[in-house]
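Dumping the structure here so I can ask a few things about it.
The values are calculated or read from the model by the stated rules, or taken from the named source; none is laboratory data. Being a predicted model, the structure only gives us computed values, none of them experimental. Reconstructed Cβ throughout: ideal geometry from the backbone, glycine too, with neighbour counts over all protein chains shown.
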Amino acid sequence: MLNPWVSTSFVDYENIVNEFGIENFSDILGSIESPARLMKRGVVFSHRDFGKMVPLINGKKDFAVMTGMMPSGQMHIGHKMVVDQLKWYFDKGGFLSLSIADMEAYAARGISFKEGRDIAVREYLSNYIALGLDLTDDNVNVYLQSENKLLNDLTYKLSKKTNFNQLKAIYGFDQSTNMAHLYAPLIQVADILLPQLEEYGGPKDVVVPVGIDQDPHIRLTRDIAAKLKEEYGFITPSSTYHRFLTGLTGDKMSSSKPKTAIYLNESPEEAEKKVKSAKTGGRESLKEQKELGGRPDECVIYEMLVYHLIDSDEELDSIHEECCAGTLLCGDCKRRTAELMREMFEELKVKQEDSLEVAETLFD
Ligand code: TRP
Ligand code: SF4
């Protein structure tokens, strides 16, 4: 069982695909016109029911993309993956619905609504904007869970379609679980179904790009959506799952562990320094590296290049090849990667100057 509220450090992606009955993304990749970078590169590795979204996206037809973020801790480069995907869907004409899960943060992390709102604006929304998402566009709806009346009404209504036994089976809740926590997944189900309400244009296909730890919520949503089909006309939502970004130490990148993460509010110099501290797939000695080659597929540095820093597929391939051949050495490779990261952060800093101001107006 995957527990969405406890971070796992190691995920066996192959087994997950087999065990959960989710589908491999590679099977449908070929049908997508100009796929997002993270799709092409296998970072988005699986999905539920995404096949039906493809013609809508290719044809720029009516669809929505939705996701949510719990405002706790700081935004790091791992979170950027979601923004990159949202941007891609938005450019394909999708309606973007973005939930700030302040009720979940209250239930699961003890963060007050006031704090949640502040963290959301300062850490998340300002960075979403700085990373290139125009959250003020008419085709976007950003909301705080605690302030959305439609959302809370929908949560209450759909709660009738599930019961304690189902939530216990999915999340491992027990009799000591507090009721707010018990309610949190139901709010998330409502988040996912919200864009299909008449107020937001009525039933439509919705895709939810998330990390695999969120799959329990997706399964629950799909189940409840089917039960409400007649009453609301809901279409069962689709989802995609991306890999986690590995932390600098080789474990999962985590907001609460500064040694594992590069935060988006850090300075370009700090980001550069952190890249240089990252675990590589290099060998013990220079001699060995030259003889055996490095292991890019187990290297945090290479992962940064794949996820964030290199646009050209050819260039990436040649780094992979040279690493395996032992002609590229970790010192040089790290220095170059650190420099690219610093440049990315320098650009971000410039954008952040205005983006906080815009973010502050979103909930007025
Ligand atoms: N539970 C998610 C998290 O822990 C946040 C979230 C809330 C969410 N509502 C959502 C994610 C709807 C996807 C869809 O980060
Ligand atoms: Fe990683 Fe680069 Fe070293 Fe290869 S050469 S193991 S990609 S740091």
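On the given criteria, is Val6 hydrophobic (A, V, I, L, M, F, W, C), farther than 24 Å from Asn141 by Cα, surrounded by fewer than 13 Cβ atoms within 10 Å (Cβ to Cβ) and modelled with pLDDT under 90?
Yes, satisfied.
Determine whether Val65 is within 15 Å of ligand 1 (Cβ to nearest atom), closer than 29 Å to Glu23 by Cα, part of a helix (DSSP H, G or I) and in contact (Cβ under 8 Å) with a residue 12 or more places away in the chain.
Considered against the rule, which asks whether it is within 15 Å of ligand 1 (Cβ to nearest atom), closer than 29 Å to Glu23 by Cα, part of a helix (DSSP H, G or I) and in contact (Cβ under 8 Å) with a residue 12 or more places away in the chain, Val65 comes out as no.
Go through region 189-213 and give me each residue that's under 20 Å from Lys161 (Cβ atoms) and under 15 Å from the mean Cα position of the chain (by Cα).
Ile192, Val208
Would you pick out the residues in region 186-210 that are surrounded by 20 or more Cβ atoms within 10 Å (Cβ to Cβ) and either more than 8 Å from ligand 1 (Cβ to nearest atom) or of a type in the set (Gly, Ala, Ser) (or both)?
If the condition is that a residue be surrounded by 20 or more Cβ atoms within 10 Å (Cβ to Cβ) and either more than 8 Å from ligand 1 (Cβ to nearest atom) or of a type in the set (Gly, Ala, Ser) (or both), then Leu186, Val189, Ala190, Leu193, Leu194, Pro195, Gln196, Asp205, Val206, Val207, Pro209 are the ones that fit.
A further question follows. Restricting region 42-70 to residues that are exposed (fewer than 15 other Cβ atoms within 10 Å of the Cβ) and on the phi < 0 side of the Ramachandran plot, which is farthest from ligand 2 (Cβ to nearest atom)?
Asp62
Has region 175-187 got at least one residue that is over 30 Å from Glu360 (Cα atoms) and of a type in the set (A, V, I, L, M)?
Yes, that holds for at least one residue.
Within region 9-45, work out how many residues are modelled with pLDDT under 95 and within 16 Å of ligand 1 (Cβ to nearest atom).
Count: 2.
In the set His308, His320, which member is within 16 Å of ligand 2 (Cβ to nearest atom), assigned to a helix (DSSP H, G or I) and touching a Pro at 6+ places or on another chain (Cβ under 6 Å)?
His320 is the lone residue from the list that is within 16 Å of ligand 2 (Cβ to nearest atom), assigned to a helix (DSSP H, G or I) and touching a Pro at 6+ places or on another chain (Cβ under 6 Å).
In region 85-113, how many residues are buried (at least 23 other Cβ atoms within 10 Å of the Cβ), in contact with a Lys or Arg (Cβ under 9 Å, 6 or more places away or on another chain) and assigned to a helix (DSSP H, G or I)?
1
Among the numbered criteria (1) more than 30 Å from Gly202 (Cα to Cα); (2) in contact (Cβ under 8 Å) with a residue 60 or more places away in the chain; (3) away from ligand 2 (no atom under 16 Å from the Cβ); (4) not β-branched (Val, Ile, Thr), which single criterion is violated by Asn18?
(2)
Moving to a separate point now. Could you please find all residues in region 263-296 being part of a loop (DSSP other than H, G, I, E, B) and within 16 Å of ligand 2 (Cβ to nearest atom)?
Correct list: Ser277, Ala278, Lys279, Thr280, Gly281, Gly282, Arg283, Glu284, Ser285, Gly293, Gly294, Arg295.
Let me spell it out: the conditions are (1) in contact with a Leu (Cβ under 8 Å, 6 or more places away or on another chain); (2) more than 16 Å from ligand 2 (Cβ to nearest atom), and Glu343 meets all of them except one. Which number is the exception?
(1)
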